[in-house]
Amino acid sequence: KIFDCDEFTRNWYKLKKGVIMEPQEVTFEKQRKKPEPVIPPDILRIGREEDTRQNCLSLKPKPPQANWQQFINCSGQVMRFFSWFVEDMESGVLLNHESDRERRFIVSYFLVDDTVSIYEPPQRNSGIIGGKFLERSILRKPGSRTVKYLARDFVEGHKITSYGRVFELGEPDLYTQNYQEARRDLFPQSNFKSVLSRLSDEVNQQGLADDLRTVLIEADPDGNGRVAKHHLISALRHIGISITPAEATTLARGLDRDGLAVPSAELLVELGCG
């Protein structure tokens with residue numbers, strides 16, 4: 001069907017044929033919205049969950065589409081964290097036994113395919129053999145069958161849930177610390193300048209410089225001028241300033257060569273309180 005023509009054609013029809021070629025109104029149908037894909041229910045399956053879900057999409061099963069860019073950029077890269085069980089009152093997760101408080105784990109996040117594994121190193125005289133706690137697999141967030149844990153969720157001090165158990169992520173290994181500091185847009189807690197700027201604004205705007213000196217002295221009973229990271233967190237919270245474990249590690253790595261503690265004098269100078 002013809003809806004319109006150019007000026008030359010319109011004049012030709014008018015002079016030669018006596019036909020007035022008026023443009024016709026065009027009505028377009030609204031584009032139909034594609035139906036949302038239906039997530040198949042959890043079923044007994046053999047093999048990876050991605051393979052099972054892919055088999056539900058067509059009569060001729062095809063292997064899941066690999067993210068080759070992620071494979072090329074992240075092959076062999078793993079973030080590892082020291083970890084332990086914690087209780088979570090919001091979700092009602094409690095420790096099964098008091099001895100669970102002493103158990104320690106290594107949580108590994110594989111950047112190449114967003115999978116997670118959890119390993120429990122053996123502890124002498126603990127009565128716990130140790131070994132694999134979670135086979136390497138994609139870990140879904142609690143209450144969801146589709147939302148998985150991603151790299152940005154793995155930060156010191158954060159919590160992850162694995163099959164009814166809640167883990168708190170402790171200090172990461174050196175590779176993970178370097179990886180996160182190199183990607184400050186994804187891990188703002190590892191941005192040294194940003195963390196310093198926020199703390200400086202809070203201390204100076206609230207006039208807490210003297211209080212900060214006092215709590216830093218109290219947090220350093222040995223008088224060696226260095227404050228342990230967990231003591232720094234408690235000291236700052238005592239004067240009304242919140243700081244996360246990841247931010248405390250960032251300060252320690254930025255101000256101290258070993259990154260094990262925060263030198264008080266350097267911190268005060270950087271915050272404009274020296």
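Values as computed for the structure displayed
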item	result
Residue 202 touching a strand residue (DSSP E or B) at 6+ places or on another chain (Cβ under 7 Å) and not in a loop (DSSP other than H, G, I, E, B)	no
Pairs where the first residue, in region 236-265, is farther than 23 Å from residue 210 by Cα and the second is modelled with pLDDT of 90 or more and assigned to a loop (DSSP other than H, G, I, E, B), C-beta under 7 Å, 6+ apart	245/156; 245/157; 246/155; 246/156; 246/157; 249/156
Residue 1 being loosely packed, with under 10 Cβ neighbours inside 10 Å, of a type outside the set (Phe, Trp, Tyr), more than 30 Å from residue 171 (Cβ to Cβ) and outside the structural domain of residue 172 (by TED's automatic domain parsing)	yes
Hey, residue 234 surrounded by fewer than 21 Cβ atoms within 10 Å (Cβ to Cβ) and either of a type outside the set (Ser, Thr, Tyr) or outside any loop (DSSP other than H, G, I, E, B) (or both) or not	yes
Residue within region 171-186 that is in contact with a Gly (Cβ under 8 Å, 6 or more places away or on another chain), outside any helix (DSSP H, G or I) and either exposed (fewer than 14 other Cβ atoms within 10 Å of the Cβ) or not aromatic (Phe, Trp, Tyr) (or both) present	no
Filter result (in a loop (DSSP other than H, G, I, E, B) and under 25 Å from residue 175 (Cβ atoms)) within region 85-130	103, 111, 112, 113, 114, 121, 122, 123, 130
Residue in region 188-231 that is surrounded by the most Cβ atoms within 10 Å (Cβ to Cβ), counting only those that are over 15 Å from residue 265 (Cα atoms) and among the small types (Gly, Ala, Ser)	190
Pair list, Cβ under 8 Å, 6 or more apart: region 59-87 residue exposed (fewer than 10 other Cβ atoms within 10 Å of the Cβ), other residue in a loop (DSSP other than H, G, I, E, B)	76/112
Candidate set: region 133-163, residues that are hydrophobic (A, V, I, L, M, F, W, C) and assigned to a strand (DSSP E or B); chosen: the one surrounded by the most Cβ atoms within 10 Å (Cβ to Cβ)	160
Criterion violated by residue 31 - all others in (1) in a loop (DSSP other than H, G, I, E, B); (2) surrounded by 13 or more Cβ atoms within 10 Å (Cβ to Cβ); (3) at pLDDT below 85; (4) not assigned by TED's automatic domain parsing to the domain that holds residue 165 satisfied	(2)
Residue check for residue 251: touching a strand residue (DSSP E or B) at 6+ places or on another chain (Cβ under 7 Å) and assigned to a helix (DSSP H, G or I)	yes
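The values are calculated or read from the model by the stated rules, or taken from the named source; none is laboratory data. Keep in mind that this is a model prediction, so the values were computed, not measured. No Cβ is skipped: glycine too gets one built from the backbone with ideal geometry, and neighbour counts run over all protein chains shown.
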